[in-house]
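Everything below concerns the one structure shown next.
The values are calculated or read from the model by the stated rules, or taken from the named source; none is laboratory data. A quick note: this is a predicted structure, and the numbers were derived from the prediction, not measured. No Cβ is skipped: glycine too gets one built from the backbone with ideal geometry, and neighbour counts run over all protein chains shown.
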Amino acid sequence: MSAKEVKDDRRYTKDHEWAKEHDGLLTVGITAFAVDQLGDITLVGLDVQEGDEVEAGKPFGTIESVKTLSDLFAPVSGTIKAVNAALENEPEMINDDCWGKGWMIRIEPSDKGELLSSDAYRSLLEESDH
């Protein structure tokens with residue numbers, strides 16, 4: 001997995017999270033770039049459960065690695081419809097498959113938020129190289 005990998009079937013945040021729409025829900029995870037920056041992930045704390053409301057830009061949990069502890073931010077406002085409980089016991093799933101099995105939450109959005117296109121996110125990554 002390359003740290004610069006960007007999937008065209010998703011939208012992104014400046015906080016290096018991705019959101020993929022399917023059947024009206026947004027599945028949310030962190031990007032390969034975020035995984036690369038964090039290193040080995042040791043703990044994921046998702047502070048939400050099904051039915052909770054989240055607000056765009058506000059924390060919904062934390063992710064801890066051997067390097068740091070970081071907040072996870074909701075990319076859009078809406079209602080939590082699913083939480084990936086497997087991450088509690090297997091946080092390394094994010095290192096292994098951040099684009100798939102390492103998803104974190106599913107949101108039924110009440111707004112579309114300020115998500116970046118895949119091209120805009122690639123530009124953001126390129127700018128961070130300079």
Pair list, Cβ under 9 Å, 6 or more apart: the stretch 83-104 residue more than 13 Å from V35 (Cβ to Cβ), other residue of a type in the set (K, R) and part of a loop (DSSP other than H, G, I, E, B): N84/K101; A86/K101; E90/K101
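Which residue out of V66, V44 is farther than 18 Å from A120 by Cα, of a type in the set (A, V, I, L, M, F, W, C) and exposed (fewer than 14 other Cβ atoms within 10 Å of the Cβ)? Please lay out each step first, then the result.
Details: V44 fails: exposed (fewer than 14 other Cβ atoms within 10 Å of the Cβ).
Residue meeting the stated conditions: V66.
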Is there a residue in the stretch 25-38 that is modelled with pLDDT under 95 and over 26 Å from S123 (Cα atoms)? no
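Could you pull out every one of the strands (runs of 3 or more DSSP E) wholly within the stretch 1-82 that has 1 or more residues that are under 15 Å from the mean Cα position of the chain (by Cα), among the β-branched types (V, I, T) and within 14 Å of C98 (Cβ to Cβ)? Full working, then the answer.
Values: elements: 17-22, 25-30, 41-46, 59-65, 69-73.
Per the criteria, 25-30, 41-46, 59-65.
For residues that are among the acidic types (D, E) and touching a Ser or Thr at 6+ places or on another chain (Cβ under 6 Å), tally how many sit in the stretch 106-128.
From the stretch 106-128, those among the acidic types (D, E) are 108, 111, 114, 119, 126-127; that's our starting set.
From what is left, the residues that are touching a Ser or Thr at 6+ places or on another chain (Cβ under 6 Å) are 108, 111.
Qualifying residue count, the stretch 106-128: 2.
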